[in-house]
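The values are calculated or read from the model by the stated rules, or taken from the named source; none is laboratory data. If you're wondering where the values come from, they're calculated on a predicted model, not measured in any experiment. Neighbour counts run over all protein chains shown; Cβ positions are idealised from the backbone, glycine included.
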Amino acid sequence: MKKALWICGLCAAIAGCEKAPPAPEEGPKVEGQTVIFPKDSTQLKALLIIPTEAATQETLRLSGRIGWDETRTVRVFAPLGGRIVKLNAAPGDKVKAGDILATLSSPDFGEAQAEAAKASAGYGVAEKSIARARELHKAGFISDKDAELAEADFSRAAAERNRAAARTRAYGSSAGGGVDQQFSLRAPIAGVVVERRANPGQEVRADQGSDALFVVSDPDRLWVNLDVPESLIAVVKPGMTVQLHQTTLGEETREAKIEHVADFIDPDTRRTRARAALDNKDHRLKAEMFVNADVTVDRGDFIRVPASAVMLLGKAQYVFIEEAPGRFRRQAITAEESDFDTMRIRNGVKTGEHVVAKGALLLQQVIAMAIKK
C-alpha cells in the first residue's frame with residue numbers, strides 16, 4: 001500500500017512540473033491590398049526590405065568577339081599558280097612593306113617574264129627602226145605615209161613593252177630580271193605575320209578561295225565586334241566607351257570606344273553589329289576571343305529595384321511597399337527589365353520608399369489565401 005501511494009505521489013509531481021504548450025503565433029491580417037503582421041512576428045525574418053534608388057543611367061552587357069583591325073590588316077593570296085619553294089616569314093615575324101613572305105616556282109610568272117622580255121626586245125628593234133625612218137624622211141627618201149606607219153609601229157611596240165612591264169611589276173618583279181619563274185610573294189604593308197597557311201612544296205592557285213596564305217596585321221590595335229539587340233539600337237551609339245571583361249584579364253577590364261554601328265539588322269537574330277577599337281599593346285587579348293562588354297547609357301529618370309522585388313500577376317506588375325514596421329501594401333507599377341537582375345520602374349513608386357526585395361511571394365500568398373476565404 002505504501003509503495004502504491006509513493007508511485008501516485010511521484011506521478012502527480014511529474015505532472016505538476018510539465019509546462020503548458022505555448023499559444024500558437026497570431027497570423028498576418030489582410031486589409032484590402034495591405035498585409036499586416038503582428039509585432040515581433042517570426043515571418044518578418046523572411047523578408048528583405050530595401051529603399052528604392054533613383055537613377056538616370058544603367059549599364060548594359062553586350063557579348064562580342066575580338067578580331068583584327070581591318071584598316072591595319074591584309075590577307076595575302078598568290079595572284080598566280082605555282083609551288084612554294086621557300087618560306088621567308090613565320091607567324092610572329094615582323095615584316096616591312098615589300099618584304100618577301102614566300103618564293104614560288106610559277107610557270108605563269110615565267111610566261112609573264114617571257115612576254116616582258118619579248119616586248120622589251122621588240123621595242124628595241126622598233127626604236128632603231130623609227131630612228132632610221134626619221135632620218136630618211138628628213139632627207140626626203142621616204143614619203144610622209146611611210147614615216148607615219150613607222151611612227152605607228154614604234155608606238156605599238158612601246159605600248160606592248162609598257163603593258164608587259166606593268167604586268168610583271170604588278171606581280172612584284174621588274175621586266176629586266178630575266179626568265180627564272182621565281183615569283184616573290186611580298187608583304188603589302190608593315191606589320192606582324194599573325195597567320196600562315198603556307199607550307200614548303202605546297203601547290204597554290206590563283207583561285208584558292210578565302211584561305212589566305214599569310215595574314216599580316218598590327219596586333220597593337222584590335223576591333224571588338226559587338227552584338228546589339230534590336231531593343232538597344234537607339235541607345236548604343238558611336239563614341240561610347242565600353243568596359244571589356246575577359247577571363248584572361250581576371251578582374252581587370254579594358255576600355256574600347258565604339259566607332260561604328262551597322263545600318264542593318266540580321267533578320268535571323270534580330271541583332272545589329274557595333275564595332276569598337278581597342279588598344280592592345282601588351283598583346284594579352286587575341287583575335288577570335290569572346291568578350292563581354294559593359295556600356296553605360298542614359299535612360300532618363302527612373303527608380304531602380306531588384307528584379308526579385310517585382311511580382312507579375314497575369315499582365316500586371318506589383319511591388320510591396322513597407323508603409324510601417326510590419327505593414328506592407330501591394331502597389332501596381334510599370335516596370336521594364338534593366339541591368340544585372342534589376343528592374344526599371346517608371347511609375348507607382350517614389351524615391352526613398354522601402355520595398356520588399358525578398359519575400360514578396362510570401363506576401364502575395366497571404367493575400368491570395370485571404371481572398372479564397
(request) Evaluate the following for I142: is it in contact with a strand residue (DSSP E or B) (Cβ under 7 Å, 6 or more places away or on another chain), of a type in the set (V, I, T) and not in a strand (DSSP E or B)? (result) no
(request) Pick out the one residue from V193, V215 that is under 32 Å from the mean Cα position of the chain (by Cα), more than 30 Å from V295 (Cβ to Cβ), buried (at least 18 other Cβ atoms within 10 Å of the Cβ) and modelled with pLDDT of 90 or more. (result) V193
(message) As an exercise: evaluate V355 against (1) in contact (Cβ under 8 Å) with a residue 24 or more places away in the chain; (2) loosely packed, with under 13 Cβ neighbours inside 10 Å and give the number of the one condition it does not meet.
(response) (2)
(request) Go through the residues of region 166-176 one by one and say whether even a single one is among the small types (G, A, S), buried (at least 17 other Cβ atoms within 10 Å of the Cβ) and farther than 30 Å from K257 by Cβ. (result) yes
(request) Look through region 224-247, keep the residues that are in contact with a Leu (Cβ under 7 Å, 6 or more places away or on another chain) and of a type outside the set (A, V, I, L, M), and return whichever of them is surrounded by the fewest Cβ atoms within 10 Å (Cβ to Cβ). (result) D227
(message) Please count how many residues of region 32-61 are more than 25 Å from D341 (Cβ to Cβ), hydroxyl-bearing (S, T, Y) and touching a Gly at 6+ places or on another chain (Cβ under 9 Å).
(response) 1
(request) Search region 323-344 for residues that are free of Cβ contacts under 8 Å to residues at least 24 places away in the same chain and pair each with any residue that is surrounded by fewer than 17 Cβ atoms within 10 Å (Cβ to Cβ) when their beta-carbon atoms are under 7 Å apart and the residues are at least 6 apart or on different chains. (result) A332/A316; A332/G348; I333/N347; I333/G348; T334/R346; T334/N347; T334/G348
(request) Go through (1) out of contact with any helix residue (DSSP H, G or I) (no Cβ under 8 Å at 6 or more places or on another chain); (2) outside the structural domain of D227 (by TED's automatic domain parsing); (3) closer than 30 Å to V224 by Cβ one by one and return the number of the condition G348 breaks. (result) (3)
(message) Looking at region 315-330 only, could you name the residues that are over 28 Å from V295 (Cβ atoms) and buried (at least 16 other Cβ atoms within 10 Å of the Cβ)?
(response) Y318, F320, I321, E322, G326, F328, R329, R330
(request) Please state which one of E288, E259 is in contact (Cβ under 8 Å) with a residue 12 or more places away in the chain and loosely packed, with under 10 Cβ neighbours inside 10 Å. (result) E288
(message) Among (1) touching a Gly at 6+ places or on another chain (Cβ under 8 Å); (2) in the same structural domain as D294 (by TED's automatic domain parsing), there is one condition V193 misses while meeting the rest; what is its number?
(response) (2)
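Assess whether A158 counts as being of a type outside the set (F, W, Y) and under 57 Å from the mean Cα position of the chain (by Cα).
Values: of a type outside the set (F, W, Y): yes; under 57 Å from the mean Cα position of the chain (by Cα): yes.
Considered against the rule, which asks whether it is of a type outside the set (F, W, Y) and under 57 Å from the mean Cα position of the chain (by Cα), A158 comes out as yes.
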(request) Pull up region 263-295, narrow it to residues that are within 21 Å of S217 (Cα to Cα) and among the acidic types (D, E), then point me to the one that is nearest to the chain's Cα centre (by Cα). (result) E288
(request) Select from region 246-260 the residues that are at pLDDT below 95 and of a type outside the set (D, E, K, R) and write down the one among them that is nearest to L226 (Cα to Cα). (result) Q246
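Across region 34-61, which residue is farthest from S231 (Cα to Cα) among those that are assigned to a strand (DSSP E or B) and in contact with a helix residue (DSSP H, G or I) (Cβ under 7 Å, 6 or more places away or on another chain)?
Here the answer is V35.
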(request) Select from region 94-129 the residues that are of a type in the set (D, E, K, R), under 38 Å from the mean Cα position of the chain (by Cα) and surrounded by fewer than 16 Cβ atoms within 10 Å (Cβ to Cβ) and list them in ascending order. (result) K94, K96
